[in-house]
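These notes concern the structure reproduced below.
The values are calculated or read from the model by the stated rules, or taken from the named source; none is laboratory data. Here the structure is a predicted model, which is why all the values come from computation and not from measurement. Backbone-built Cβ (ideal geometry, glycine too); neighbour counts: all protein chains shown. Protein only, heavy atoms only, side chains kept; ligands, DNA and RNA dropped before computing areas. Shrake-Rupley method; radii C 1.70, N 1.55, O 1.52, S 1.80 Å.
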Amino acid sequence: MSTVAARIPDHPRTLAEKVWDDHVVVKGEDGRPDLIYIDLHLVHEVTSPQAFDGLRAEGRPVRRLDLTIATEDHNTPTLAIDQPIADLTSRTQIETLRRNAAEFGVRLHSLGDKEQGIVHVVGPQLGLTMPGVTVVCGDSHTSTHGAFGAMAFGIGTSEVEHVLATQTLPLKPFKTMAITVEGELKPGVTAKDIILAVIAKIGTNGGQGYVLEFRGSAIRALSMEGRMTICNMSIEAGARAGMVAPDETTFAYLKGRPHAPEGQDWEDAVAYWRTLPTDEGAVFDAEVFVAADTLEPFVTWGTNPGQGVSLSDVVPAPEDFEDPNEQTAARRALEYMDLVPGTPLKDVPVDAVFMGSCTNSRIEDLRAFASIVQGRTKADGVRVMVVPGSARVRLEAEAEGLDKVFVDFGAEWRFAGCSMCLGMNPDQLAPGERCASTSNRNFEGRQGKGGRTHLVSPLVAAATAVLGRLASPSDLPAHTAVEA
Amino acid sequence: MEKFTTHTGVVAPLTRSAVDTDQIIPAVYLKRVTKTGFEDALFASWRQDPEFVLNQPAYRDASILVAGPDFGTGSSREHAVWALRDYGFRVVLSPRFADIFRGNAGKQGLVTGVISESDTEKVWAIIAAQPGIEMTVDLEARTAQIGDLRLTFEIDDYTGWRLLEGLDDIGLTLRDEAAIAQFEARRETWRPRTLPVR
Ligand code: SF4
């Protein structure tokens, strides 16, 4: 049982340890896991059907409907959303979620609803994601919510059922890793470039078993959107979760959102949130340092998010890697990506540009993209898709006239969803097509069978859409629009 | 989860080793949205062969499976256990199980008992002489009786206890219901609530 002593420990603690300690329902003894309370459970159509089925089989209710929220995102089309979904499997998953939500009483935002969208965009925008809480979802990119100083991680279907039934999870504590990014970013370098560089540095397994805490002046200077981009991709370094300590930026983002605390609750919450940052003298299990001013716009050349380099570099050769496993991986990746070592990345032409996904589809991301494409025309033959992360982001963008900027540029302006982040809905690459994508995974076939993905920031995606080859905004001829 | 004490049922021989989860349930069945109703998917490709053991009338109602070593290797799909359970299996005995499969089985009330290779051969021989013979499995005593043969099996104490008590992970956690309720009673009011809709 969590005792007062456990809540007022005498040693300096990290942010992650504080959030953990405050959620221990039963302390695990003799190597048993701790029982951890879950403050917020996000649900979507892909990983929930069997969990609801399990509840039904045992005659169990959802314990806390008021801590549970569902949305449709992975399977949803982003055009003609008022039509029945053509793909049968997709339609069944969506209809199953609707039935389950109705039967159990779970709040659901369906396609067409103004709060519908990618689960990791919806939580923060409603003000449900906040500092010092635990958030889970049957989706690995739940790490996104750590940007608020929440402990947020993806879970499997059995665990989804466990949380629905008990609002808790038996868990063993994670290790902690500090990733300190100090200094100022150069113009045109963004949060996406920071995280791609970090993953390239520590590898796709470097974070295994850890909660990463992103710290340092460059992180403090980021907006909430930028912090979410970074935490979103922590999972791509193999980490269980990513976190950023809450500060004035966090509080300002939250204040006034539909489900943010109000009145005395707000005062109490902020007072508590201010106690969360890692104590002076707290010890991390591992530490990594990155100098922000050395970073450049980043791009992946391979088929995992760790295979990335600066955009001004060339495609590496397998022999450039010391580790024989990495050499093999590089050889396979180059073949799949159809790239020749030594080719400047800026010479690589693309067929498509995808601006979207839970990594980069918030209003700020769309503004950044718009700031580059405004007043320009997309390159001939390049297909450009702009997909807002949520219906609300779509409305916000339209209110600002961004939709017009995109359409004038020659891009397709879509409805909200995961879209071309993964080949589960109609938005897919054709075999052999090459795409500059603001999403988070460049695995073989991720954006469609045989499709080739280069992960980039919204600014690089925009410049690439203008020139038809991988490019950064500084490669564009002078332009009169105001930069964001 | 139902408590498991003893179980008597027809025992089927699966005289193969390294039966991986792709054989237990092929990937095409993973697109389903239910956690039950996988009985038709069990050993789906093998069952196309009329000679396959489960297609023989003597074993159609089998609830105990005795398989060769390394049962349940490969993909971690929980569906493999669901398929065995839905078909009606309560017990699988084998000289060796893949770890993840055993873990998944324990969560779903399927007993996985480890027996010696020589006992496996003996059981197969008894079944061959008397197709459709029943076996009685006693979880508390960790024994199985078939004809005159009494054999012992192993299962780890924690899993054995959970199965005897009929506790799945959720059932176990619900034993701490009082602690959960107490925790909830002192949760701060500023913490997120999805309802009422705002
Ligand atoms: S946008 Fe992509 S990464 Fe994010 S939840 Fe959807 S499929 Fe997963």
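Things to note:
- Residue-level accessible surface for A:Lys114, protein heavy atoms, 1.4 Å, Å²: 120
- Largest first, the residues A:Tyr37, A:Tyr336 sort by 1.4 Å accessible area into A:Tyr336, A:Tyr37.
- Rounded to the nearest whole Hz, the Karplus-based 3J(HN,Hα) values (6.51 cos²θ - 1.76 cosθ + 1.60, θ = phi - 60°) of segment A:409-424 follow the sequence 5, x, 8, 8, 9, 10, 7, 6, x, 5, 6, 7, 5, 8, x, 10, with x at glycine and proline.
- Overall form of segment A:296-365 per C-alpha gyration tensor (a/c, 1.5; a/b vs b/c): prolate
- Magnitude of the charge dipole, segment A:1-160, Cβ model with Lys/Arg +1 and Asp/Glu -1, debye to 20: 240
- Only alpha carbons enter this Debye calculation for segment B:44-116, each as an equal point scatterer, and the log10 of I(q)/I(0) it gives at q = 0.18, 0.21 Å⁻¹ is -0.71, -0.96.
- Modelled FRET efficiency - R0 56 Å, B:Thr152 with A:Ala286, Cβ distances, 0.05 increments: 0.75
- The solvent-accessible area of A:Arg392, taken with every protein chain present and a 1.4 Å probe, is close to 80 Å².
- Heavy-atom accessible area with a 1.4 Å probe sorts B:Tyr59, A:Tyr272, largest first, into A:Tyr272, B:Tyr59.
- Across peptide B:33-46, the mean count of Cβ atoms from other chains lying within 10 Å of each residue's own Cβ comes to 3.
- Spatially proximal aspartates and glutamates relative to A:Lys404 (Cα-Cα < 13 Å; intrachain offsets below 8 disregarded): A:Glu396, A:Glu412
- Dipole orientation for chain B: of the candidates B:Ile155, B:Thr21, B:Thr8, B:Thr21 has the Cα lying most toward the positive pole (charges on Cβ; Lys, Arg +1; Asp, Glu -1).
- Environment charge of A:Lys186, counting only residues whose C-beta is closer than 10 Å and scoring Lys/Arg +1, Asp/Glu -1: -4
- Given charges at Cβ of Lys, Arg, Asp, Glu: segment A:385-446 dipole, positive-most of A:Gly410, A:Pro426, A:Leu395: A:Pro426
- Comparing B:Glu184, B:Glu140, B:Glu121 in a Gaussian network model of chain B, where Cα atoms under 10 Å apart are tied by springs, the biggest mean-square fluctuation is seen for B:Glu184.
- Around the amide H of A:Val26, modelled in the peptide plane, lie the amide H atoms of A:Leu35, all under 5 Å away and 5 or more residues distant in sequence or on another chain.
- Coil-residue GluC sites (Glu not before Pro) of segment A:14-72, DSSP, other Cβ within 10 Å capped at 12: A:Glu29
- For the residues A:Leu395, B:Leu174, a 1.4 Å probe over the protein chains yields an accessible-area ranking, largest first, of A:Leu395, B:Leu174.
- Three-way shape call for segment A:376-422 based on the alpha-carbon gyration tensor, with the a/c threshold at 1.5: oblate
- Under the Karplus curve 6.51 cos²θ - 1.76 cosθ + 1.60, θ = phi - 60°, whole-Hz ³J(HN,Hα) for segment B:76-82, x wherever Gly or Pro sits: 7, 3, 5, 4, 4, 5, 4
- Subset of A:Lys201/A:Lys449; A:Lys27/A:Lys175; A:Lys175/B:Lys107; A:Lys114/B:Lys31 violating a 19 Å alpha-carbon distance limit: A:Lys201/A:Lys449; A:Lys175/B:Lys107; A:Lys114/B:Lys31
- Among B:Ala185, B:Ala98, B:Ala62, the largest mean-square fluctuation in a Gaussian network model of chain B (Cα springs under 10 Å) belongs to B:Ala185.
- Cα-based radius of gyration for segment A:381-465, normalised by 2.2 N^0.38 Å, reads 1.08.
- Long-range amide H partners of B:Val66 with built H, under 5 Å: B:Ala12, B:Leu14, B:Leu93
- If you take the alpha carbon atoms of segment A:199-272 and fit the smallest convex hull around them, that volume is 104 Å³ per residue.
- Percent antiparallel among DSSP beta bridges (both partners in chain B, rounded to 5): 50
- Selection among A:His41, A:Ala200, B:Leu172 by position relative to the dipole of the protein assembly as shown gives A:His41 as farthest towards the positive end (Cβ unit charges, Cα centre).
- GNM result for chain B, Cα springs below 10 Å: residue of B:Asp40, B:Asp49, B:Asp20 fluctuating most strongly: B:Asp49
- Amide H within-cut-off set for A:Gly216, under 5 Å, with H built and near neighbours excluded: A:Val181
- Global form of segment A:331-484, assessed from the alpha-carbon gyration tensor, a/c cut-off 1.5: oblate
- Considering helices alone, the calculated mean residue ellipticity of chain B at 222 nm is -8500 deg cm²/dmol, with DSSP H runs of length four and up weighted by -39500 (n - 2.57) and normalised per residue.
- Applying the Karplus relation 6.51 cos²θ - 1.76 cosθ + 1.60 with θ = phi - 60° to segment A:301-316 yields 3J(HN,Hα) values of 10, x, 10, 9, x, x, 8, x, 9, 5, 4, 7, 7, 10, 5, x Hz, where x marks Gly and Pro.
- Student exercise, chain A dipole from Lys, Arg, Asp, Glu Cβ charges, in Debye to nearest 20: 660
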